[in-house]
Amino acid sequence: MLCDPGSKAGRRYLYRLIPMSVVYIAVVYLSKWSFRHFHPTGLVVYLLAILPALPMVGSLAIVGLYVAEETDEFERSILVRSILWGLAAALAISSIWGTLEDFAQARHLSSFLSYLSFWIVMAISGVIIRLRYR
């Protein structure tokens, strides 16, 4: 777990992140369903396309709130280091793949994968960092 669920800040983090994740899943489903059944045009296309990104941004803000609210410096340190590893990996992956697209005609990948790689590496690095202190 990336937060201490025993702390007040950890519980608030989970109480915020879990509903945000549910909202994200619902909004992605709604957007995909709307595109498949209604074939929107004009401004509606942009609104439906941006809609799933809002909970994604919200989840990043929730992580920031947890960092700000966590009073245990050790827990905060682990989270910040995990965030840095996640950001570094997301930037590295998207930069490397971008140059492959530009110079080697590699297939285009969705920018969403940067967000996904951030969370995956953040979670893995959080576990590894925590294990180093066991």
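The values are calculated or read from the model by the stated rules, or taken from the named source; none is laboratory data. All values derive from a computational prediction rather than experimental measurement. Counting neighbours? That spans all protein chains shown, and the Cβs are built from the backbone with ideal geometry, glycine included. The accessibility values were calculated without ligands, DNA or RNA, using every heavy atom of the protein model including side chains. Shrake-Rupley method; radii C 1.70, N 1.55, O 1.52, S 1.80 Å.
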Of everything in the range 91-112 that's small (Gly, Ala, Ser) and in a helix (DSSP H, G or I), which residue is least open to solvent (accessible area, probe 1.4 Å)? Gly98
Kindly evaluate Leu48 against the criterion of being modelled with pLDDT of 95 or more, closer than 20 Å to Ser111 by Cα and surrounded by 15 or more Cβ atoms within 10 Å (Cβ to Cβ). yes
Would it be correct to say that Pro40 is modelled with pLDDT of 95 or more, in contact with a Phe, Trp or Tyr (Cβ under 7 Å, 6 or more places away or on another chain) and not assigned by TED's automatic domain parsing to the domain that holds Val121? no
Of a type in the set (Phe, Trp, Tyr), surrounded by 15 or more Cβ atoms within 10 Å (Cβ to Cβ), in the same structural domain as Arg11 (by TED's automatic domain parsing) and touching a helix residue (DSSP H, G or I) at 6+ places or on another chain (Cβ under 7 Å): does that describe Tyr115? no
For the range 72-120, which residues satisfy the criterion of being under 28 Å from Arg130 (Cβ atoms) and among the charged types (D, E, K, R)? Asp72, Glu73, Glu75, Arg76, Arg81
Return yes or no: is Leu54 touching a helix residue (DSSP H, G or I) at 6+ places or on another chain (Cβ under 8 Å), open to solvent by less than 90 Å² (accessible area, probe 1.4 Å) and assigned by TED's automatic domain parsing to the domain that holds Lys8? no
Number of the condition not met by Asp72 [criteria: (1) open to solvent by less than 70 Å² (accessible area, probe 1.4 Å); (2) closer than 30 Å to Leu30 by Cα]: (2)
